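What follows is a set of notes on a single structure, which appears directly below.
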Amino acid sequence: MMSTIADTAFSAASAPAKAGRACFHCGLPLPAKSYQVLVEGVARDTCCRGCQAVAQTIIDNGLASYYRHRSVLPQSQPASPRDMLDRLRLYDLPEIQRGFVHDADAAGQVKEAALLLDGITCAACVWLIEQRLARLEGVHEAAVNYATRRARVRWDGRRIALSEILRAVAALGYGAQPYDSARSDDALKRERRSMLWRLFVAGFGMMQVMMYAVPAYIADGDMTADLEQLMRIASLVLTLPVVTWAAAPFYAGAWRELKARRVGMDVPVALGIIAAFAASVYATVRGDGPVYFDSVAMFVFLLLGARYLEMSARARAAQAQERLVRLTPAVAERLDTFPGSARREEVPVAVLRPGDYVAIRPGAAIPADGTVVEGVSSVDESLLTGESRAVPKRAGDMLTGGAVNLNGPLTIRVERVGHDTVLAGIVRLMDRAQTEKPEIARLADRVARWFVGGLLVLAAVVAVVWYVIDPARAFWITIAVLVVSCPCALSLATPAALTAATGTLYRRGVLVTRGHALETLAAATHFVFDKTGTLTEGRMALIGVIPLTGEERERCLALAARLESRSEHPIGRAIVAAAPPEVHDGIAVCDVRNVPSQGLEGSVSGRRLRIGTPGFVAALHGRALPEELLFVSDEVTVVALGDERGWLALFTLGDPLRRRARLLVRELKALGKTVCLLSGDRAARVAHLAHELGIKTARGAATPQHKLEFVRALQQRGAVVAMIGDGVNDAPVLAQAQVSIALASGTRLAQTSADMVLMSERLDALLTAVRVARQTLRVIRQNLAWAVVYNAVALPLAVMGYVTPLAAGIGMSASSLAVVLNALRLLRSPEHESVANRSSIIALAFKKTNKNN
Amino acid sequence: MDILYLLIPLSVVLVFVIGTVFWWAVHSGQFDDLEGPAHRVVMDDDRPHE
């Protein structure tokens, strides 16, 4: 019975990849030679030694029910090679552990660490890892959070080493790296939790207090006096935690503002809450006069809600900073002498000094800035520069820490470490850019400060004047002035609209990380695209195949893909990606030799083949370059394929336009914006791209300095510049623009410095952002106008003593409610859907036409 | 109407009780992982713990 259930479940799990011929563990198609595992008495085939080892580990530990419960196949991730496992031992060093391991008991024997797990695809993975870890000798507790993909492990330092725990996870086929939770995650989580809690207290208190307040409003004297008093006392008791605890951030903010000798929005907010509450308490104790517990609680709740929404939007942006820190590896392989070194030792990157020699294997990240002293390879600097093409490196070339070595082993001499590295410098620039506020935001701050200051002075004057006229009424009239003009509407007008817009945009894939971003984006006159990578996919893709002899197109592509199948080079990967997967099988390839920055050579069915630059391929057969080369545009990369008898085919590769790039440029121009393109790429390529998209102002071969000057020049002519970029090294340029927008697909680091991030990588999200921003500005203006009109009417009345505190409370609530409701319109406005809809209709139409062709 | 003299204080007490329960739920991590526990119940162990 057991095995039948298991069988159906097993075959269901491997169903996606043609039942029977798929790897039992990972579901990939089986190669000719398979590796067997005995599972519950049945022999199962796996595709490689890695899967076999992982499956065997799972079975040996009695965890076979993983295969029954999993709903998603694991990511293909062979068990880590031996040297990777050795590397894990480094995590036992105290200086490396300091960052992320905490003592869980007083004696320092029980340790706790958070692990970031790679490769978790379904809930069965969670179970598998938890079970495996819990059975390790010395592990006290292991809990995996499925939602965040993180594990918290607690172990006895005397009985088991951290490396053994990491190795157990690696043996199951998952990646585990220690994660410094104390620094960012916990602090963020605590803040979020306390904010949520405050919001809950305020909201819950508000609802209850409303229940006591409404009878008083509608009964209007029909209630007995002591019943009314009871309700007031109940309201007081429930408002107390709202005012003392939930509203605490406002008091803290007001106190900070006062200490800095300026008056921000928090001062009148705090004063309004305290005054209204104090007056209500006074009235309750006296048993006479108006109470506004309901208004106070609602006011606190609405303001907290706005702050909570803002905070969670910012929290998402901070996660990107995590990834930046992880760019450089934790350990490096240091050589004792060079040249002629025999000994290599693994050391923490923190102990590297300038002048050290470090060996870097293919696939590893470069630990520090340095110069290549030996080896030929190419590196992927895309995370640092946004440049997607691999950069060839040979002896004498500079390397930047954080880049990834792609093909050959390299030896480098370390030049700069720690705070002196390029990466650290970029981070510093980003930090500095973040501390500088744009002029518009400063102006808004100043105006607000004067307004609030004036309001407080007015309240004081009213108090004094009325004390002279009629001391008995002075206090209530001052309270009425403070409450009626309490800048709720004013202080809610902007944040409520901004947070509503932030929420709307977030659902549409646009992350707003700065308060001023929407306001500035709405006013932007120039949209400058920094880098071609913002308009193109930023990766190589196969554009065309030109067969040169009788061989058919598919066959040439299959041969090329077969040769390149193991290549990590972007060109190789593009060719492999373009070939349908089934062509890989059936053609045997051997003796593949990699000639860096030239190409590959190998034998396919006994035939020597070369793929690479035309010159490299010509060297194999000695024929003249094909004429077809003349007709290929300069804007594409050409790769040739040939054998010993002659040319076989030319492949053209290039960087395709992002989807809807054309639509974006056209719509921006239709909105009356100027679109510019700045790029560090070759001028010809930039001009070509600009022409294709209809961008009039384009500049190629621009250095960051050029870009900065270009943006400054625009700004001096009064332009409001929105900059769209994707790399880290453009952070200064992004910061110079009034509003910066980063694409999440490029360097994730840029997220931290950009004012906005397009998370969906869809360019039309930018159009949505522009439309929402304009609408937001409109709503903000309406809100401010409303607040001004309301104050202009209510304030004189209150000053003259015509407004009772009750009317003031109702007026204040109604005014802030009107503002919030107006802002909430931003949450569901169909206006900005039009572009997306229209373009998806166009896209559909295109698809259909293509199919018909 | 006399019942109100009992019900109103009672409702205040209830609010605080509910607040405390929510406080406990948030602070003991009940909302940390909303998906995992649902799957965890149905997975059992093949081998008895030794």
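The values are calculated or read from the model by the stated rules, or taken from the named source; none is laboratory data. Treat the numbers as computed from the prediction; the structure is a model and nothing was measured. Positions of Cβ are backbone-derived with ideal geometry, glycine not excepted, and every protein chain shown enters the neighbour counts. Side chains included, ligands, DNA and RNA excluded: accessible areas come from the protein's heavy atoms. Shrake-Rupley method; radii C 1.70, N 1.55, O 1.52, S 1.80 Å.
Tabulated values for the structure
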quantity: Any chance A:L227 is within 11 Å of chain B (Cβ to nearest Cβ) and modelled with pLDDT of 75 or more; calculated: yes
quantity: Test result for A:Y282, aromatic (F, W, Y), more than 30 Å from A:V201 (Cα to Cα) and at pLDDT 75 or above; calculated: no
quantity: Selected residue (only one of A:L162, A:L166, A:L116, A:L128 is in contact with a Phe, Trp or Tyr (Cβ under 7 Å, 6 or more places away or on another chain) and within 13 Å of chain B (Cβ to nearest Cβ)); calculated: A:L128
quantity: From A:P290, A:P362, A:P268, A:P339, residue being under 27 Å from A:A814 (Cα atoms), modelled with pLDDT under 85 and either assigned to a loop (DSSP other than H, G, I, E, B) or open to solvent by 40 Å² or more (accessible area, probe 1.4 Å) (or both); calculated: A:P290
quantity: Tabulated pairs, segment B:16-41, first facing another protein chain (nearest Cβ under 9 Å), second aliphatic (A, V, I, L, M) and part of a helix (DSSP H, G or I), C-beta under 6 angstrom, 6+ apart or interchain; calculated: B:G36/A:V126; B:H39/A:A123
quantity: 2 or more residues open to solvent by less than 60 Å² (accessible area, probe 1.4 Å) and within 30 Å of A:E554 (Cα to Cα): qualifying strands (runs of 3 or more DSSP E) within segment A:612-730; calculated: A:637-643, A:646-654
quantity: Residues satisfying the stated conditions in segment A:203-220, i.e. open to solvent by 60 Å² or more (accessible area, probe 1.4 Å), more than 13 Å from A:V296 (Cα to Cα) and part of a helix (DSSP H, G or I); calculated: A:M211, A:V214, A:Y217, A:I218
quantity: Single residue of segment A:201-224 satisfying the filter (hydroxyl-bearing (S, T, Y) and within 11 Å of chain B (Cβ to nearest Cβ)) that is farthest from A:A278 (Cα to Cα); calculated: A:T224
quantity: Single residue of segment A:593-611 satisfying the filter (part of a loop (DSSP other than H, G, I, E, B) and more than 38 Å from the chain's Cα centre (by Cα)) that is modelled with the lowest pLDDT; calculated: A:S605
quantity: Meets criteria (under 30 Å from A:A577 (Cβ atoms) and in the same structural domain as A:G612 (by TED's automatic domain parsing)) for A:L677; calculated: no
quantity: Scope segment B:1-15; condition more than 14 Å from A:P241 (Cβ to Cβ), of a type in the set (V, I, T) and either open to solvent by less than 40 Å² (accessible area, probe 1.4 Å) or in contact (Cβ under 8 Å) with a residue 12 or more places away in the chain (or both); matching residues; calculated: B:I8
quantity: Positions within segment A:790-806 being part of a helix (DSSP H, G or I) and at pLDDT below 70, in sequence order; calculated: A:P805, A:L806
quantity: Given (1) open to solvent by 20 Å² or more (accessible area, probe 1.4 Å); (2) over 25 Å from A:E346 (Cβ atoms); (3) of a type in the set (A, V, I, L, M); (4) at pLDDT below 75, number of the condition A:A143 does not satisfy; calculated: (4)
quantity: Qualifying residues in segment A:390-408 (those that are closer than 20 Å to A:R573 by Cα and in contact (Cβ under 8 Å) with a residue 40 or more places away in the chain) - the one farthest from the chain's Cα centre (by Cα); calculated: A:G408
quantity: Single unsatisfied condition, A:L663 versus (1) modelled with pLDDT of 80 or more; (2) within 26 Å of A:D764 (Cα to Cα); (3) touching a strand residue (DSSP E or B) at 6+ places or on another chain (Cβ under 9 Å); calculated: (3)
quantity: The one condition in (1) at pLDDT 75 or above; (2) part of a helix (DSSP H, G or I); (3) out of contact with any helix residue (DSSP H, G or I) (no Cβ under 7 Å at 6 or more places or on another chain) that A:E519 fails to fulfil; calculated: (3)
quantity: Selection count where residues are touching a Leu at 6+ places or on another chain (Cβ under 7 Å), closer than 23 Å to A:A170 by Cβ and not hydrophobic (A, V, I, L, M, F, W, C), scope segment A:19-44; calculated: 1
quantity: Within segment A:38-51, tally of residues that are in contact with a helix residue (DSSP H, G or I) (Cβ under 9 Å, 6 or more places away or on another chain), part of a strand (DSSP E or B) and over 14 Å from A:G27 (Cα atoms); calculated: 3
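Residues are listed down the side, and each one gets a yes or a no for (1) of a type in the set (D, E, K, R); (2) within 18 Å of A:L128 (Cβ to Cβ); (3) at pLDDT 85 or above:
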{"site": "B:M1", "(1), (2), (3)": "no, no, no"}
{"site": "B:P9", "(1), (2), (3)": "no, no, yes"}
{"site": "B:I18", "(1), (2), (3)": "no, no, yes"}
{"site": "B:H27", "(1), (2), (3)": "no, no, no"}
{"site": "B:D33", "(1), (2), (3)": "yes, yes, no"}
{"site": "B:P37", "(1), (2), (3)": "no, yes, no"}
{"site": "B:R40", "(1), (2), (3)": "yes, yes, no"}
{"site": "B:D46", "(1), (2), (3)": "yes, yes, no"}
{"site": "B:H49", "(1), (2), (3)": "no, yes, no"}
